[in-house]
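The structure appears right after this line, and notes come after that.
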Amino acid sequence: MLLWSKILLNAAVASSVLLAAAPLQAAEEKPGVIRLASPMVGTGNRPVGYGNYYATTQTLGLLEKEFQKDGIKIQWNNFKGAGPAINESYANGLVDITWLGDLPALIGKSSRLDTRLVAVGGTNDNTYLAVPTSSTAKSIADLKGKRIGFFKGTNLHLSIISVIKKYGLSEKDFRFVNMDGPVGYSALASGDIDAIWSNVSIQSVVDRGIAKIIYNTKQEPDLYKLSGYVLVNSKFEQKYPETVQRVVNVLVRQAAWESQPQNKAALFKLWSKSGLPYNTFVKANSGIDLKRHEAPILDAYNVTLIKQKLKAGQDLKLIRGNIDVDSWIEPKYVNSALKSLNLQGFWTPLNANGK
């Protein structure tokens, strides 16, 4: 009897030791480095972006602060080659987490890049069509046969081709020239192109009297505007889900700060560290609902918009493959962040019709 009692006691002790050790064994291995990428580059190629919470997170060094105690290095790469360059880095396994514009993100996924879409990172940014101040052009149609510069393969591309299609035109009606913003602005000033289609950064060129804006997408449906997504390399996500959650927590906290009206002036000052003037962001965001713009949530409306952009890109032959959008997106990280940060209900989810 004593022997049997001793056996039971030893078994109980062993079981308790195993149970105590289980959480340690299940603890996630931590990465030595988190490699983040952004297609946003400030003036003079400075590694400072603007326009969304992902860019501000880099500017403020928030991820560095979050992971400093773990000894995890945060490595940022700002790609002047924008979305296409980031897709190439994904293909070569050189990036873990990134912000990416809608078209390059969709092209990458349809080309079987192994990514997960974990948050929306800024929606409803506008595009602007500008001509030299001496130009007589007053509309898109006035530029038929003319040389128009824009950065191909970026989210600008989908917006531009969708807009000209809406107005009964096609790429064949114009002489499009591939160039990034700084090169395009110089080409416009020298007369090497007749117009440039760009993002908010064009405002600083207008303010210097070099160009005037003859069209923008402010009055267009959201399908014709610019969106961005936070993507994660699937292999990284599978290996380090807790790390991904911590990154998303930081991003969502910053998105909430940027959504509050009292922080608007401070936010625009942070974005102006990119080299663009403070007034550029004041003008660009006049009448814009920044809270909705910064919302990271994958609600029914944002998911519908992703699917609409995919269809538009396919119809325009800009996207060759297909994507199962519902399996691509992973809302659990944002949803968990909202709960842990006590932000449930902070952003109002919209239905598929945007209501």
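The values are calculated or read from the model by the stated rules, or taken from the named source; none is laboratory data. Everything quoted here is computed from the prediction, not taken from an experiment. Cβ sites come from the backbone with ideal geometry, for glycine too, and all protein chains shown count toward neighbours.
Going through region 123-159 one residue at a time, which ones are over 26 Å from ALA295 (Cα atoms) and assigned to a strand (DSSP E or B)?
Passing the criteria: LEU129, ALA130, VAL131, PRO132, ARG147, ILE148, GLY149, PHE150.
Pairs please, first residue from region 157-175 and surrounded by 13 or more Cβ atoms within 10 Å (Cβ to Cβ), second anywhere and part of a helix (DSSP H, G or I), Cβ atoms under 6 Å, 6+ apart in sequence or on different chains.
Every condition considered, the pairs that remain are HIS157/LEU103; LEU158/LEU103; LEU158/GLY313; SER159/TYR224; SER162/TYR224; SER162/ALA312; VAL163/TYR224.
Can you find, within region 290-326, the residue that is surrounded by the most Cβ atoms within 10 Å (Cβ to Cβ) among those that are assigned to a helix (DSSP H, G or I) and basic (Lys, Arg)?
The selected residue is LYS309.
Tell me which helices (runs of 4 or more DSSP H) are completely within region 160-269 and hold 1 or more residues being over 30 Å from LYS109 (Cβ atoms), or say none if there are none.
Hits in region 160-269: 181-190, 202-207.
One line per residue, one yes/no per condition, for (1) modelled with pLDDT of 95 or more; (2) over 13 Å from the mean Cα position of the chain (by Cα):
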{"position": "ASN45", "(1), (2)": "no, yes"}
{"position": "TYR53", "(1), (2)": "yes, no"}
{"position": "THR59", "(1), (2)": "yes, yes"}
{"position": "ILE74", "(1), (2)": "yes, yes"}
{"position": "LYS80", "(1), (2)": "no, yes"}
{"position": "THR115", "(1), (2)": "yes, yes"}
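Report, by residue number, each residue of region 270-289 that is surrounded by 15 or more Cβ atoms within 10 Å (Cβ to Cβ) and either polar (S, T, N, Q) or assigned to a helix (DSSP H, G or I) (or both).
Listed by number, the residues that qualify are LEU270, TRP271, SER272, LYS273, SER274, THR280, PHE281, ALA284, ASN285.
Exactly one of these conditions fails for ARG112: (1) part of a loop (DSSP other than H, G, I, E, B); (2) surrounded by 16 or more Cβ atoms within 10 Å (Cβ to Cβ). Give me its number.
Condition (2) is where ARG112 drops out.
Kindly indicate which of VAL200, VAL163, VAL205, VAL120 is under 24 Å from ILE288 (Cα atoms), of a type outside the set (Ser, Thr, Tyr) and assigned by TED's automatic domain parsing to the domain that holds ALA91.
Just a single option satisfies the conditions, and that option is VAL120.
Name the residues in region 26-43 that are closer than 22 Å to ASN87 by Cα and either under 18 Å from the mean Cα position of the chain (by Cα) or free of Cβ contacts under 8 Å to residues at least 40 places away in the same chain (or both), would you?
Within region 26-43, ILE34, ARG35, LEU36, ALA37, SER38, PRO39, MET40, VAL41, GLY42 qualify.
What do you reckon, is GLU66 in a helix (DSSP H, G or I), in the same structural domain as ASN263 (by TED's automatic domain parsing) and either in contact (Cβ under 8 Å) with a residue 60 or more places away in the chain or buried (at least 20 other Cβ atoms within 10 Å of the Cβ) (or both)?
Taking the combined requirement at face value, the residue satisfies it.
Could you look through region 327-346, keep only residues that are aromatic (Phe, Trp, Tyr) and outside any loop (DSSP other than H, G, I, E, B), and pick out the one that is surrounded by the fewest Cβ atoms within 10 Å (Cβ to Cβ)?
Checked region 327-346; the qualifying residue surrounded by the fewest Cβ atoms within 10 Å (Cβ to Cβ) is TRP328.
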